[in-house]
1. Work out the charge dipole of the chain with +1 on the Cβ of Lys and Arg and -1 on the Cβ of Asp and Glu about the Cα centre, then indicate which of I84, A47, V35 is farthest towards its positive end.
2. Which whole-Hz ³J(HN,Hα) couplings does the range 90-107 yield from phi under the Karplus relation 6.51 cos²θ - 1.76 cosθ + 1.60, θ = phi - 60°, glycine and proline marked x?
3. So with the 1.4 Å probe, I'd like the accessible area per residue for the range 1-101, rounded to whole Å².
4. Could you pull out every one of the lysines with an alpha carbon less than 24 Å from that of K91, ignoring same-chain neighbours closer than 8 positions?
5. Is the range 1-51 rounded, prolate or oblate when judged by the Cα gyration tensor, a ≥ b ≥ c being the square roots of its eigenvalues, rounded requiring a/c under 1.5 and prolate requiring a/b larger than b/c?
6. Once both axes come from the Cα atoms, what is the angle between helix 77-88 and the longest principal axis of the chain, in degrees from 0 to 90, rounded to 10?
7. Using the charge dipole of the chain (Lys, Arg: +1 at Cβ; Asp, Glu: -1 at Cβ; taken about the Cα centre), state which of W61, L22, I72 has its Cα farthest towards the positive end.
8. Quick one: dipole size for the range 11-92, taken about the Cα centre, charges +1 on Lys/Arg Cβ and -1 on Asp/Glu Cβ, in debye to the nearest 20.
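The values are calculated or read from the model by the stated rules, or taken from the named source; none is laboratory data. In this text the structure is predicted, and so the values were computed from the model without any measurement. Using ideal geometry, Cβ is built from the backbone for each residue, glycine included, and neighbour counts are taken over all protein chains shown. These area figures cover heavy atoms from the full protein model, side chains too; ligands, DNA and RNA do not enter into them. Shrake-Rupley method; radii C 1.70, N 1.55, O 1.52, S 1.80 Å.
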Amino acid sequence: MEYLSAIKARRSCYSLGNMPTLSKEGISHIISDCVLHAPSAFNCQSARVLVLFSNAHYKFWQIVMNTLRAKISESAFPATEDKIKGFSASKGTILFFNDDDITKDLQ
């Protein structure tokens, strides 16, 4: 029970940085391998991943910032802005998707 309580109370608090020890190609290769070999229902391999670096990474987080600025109250936005700036400070962004066409073919 102590273990389950610890899991339920766990929180991740960390700062992201822009100085990884791997190259962009190395990061992309590891992510591709993980997605390729991750288990999936009926081995359908419906997971898709998009890895953003450099300008695409920064543009993505600017789009997120602008979108949320329009949806979140002005008084609540500073905390959101800090969180987004923290994500934007990283080397890149990994976006996970599911290919619904593959899932529909299995239905």
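1. Result: I84.
2. Values per residue, Gly and Pro as x: 7, 6, x, 10, 10, 10, 9, 9, 10, 7, 5, 5, 5, 5, 4, 5, 8, 6 Hz.
3. 78 Å²
4. Those lysines meeting the cut-off are K24, K59, K83.
5. oblate
6. 50 degrees
7. Among W61, L22, I72, the one farthest towards the positive end of the dipole of the chain is I72.
8. Charge dipole of the range 11-92: 120 debye, to the nearest 20.
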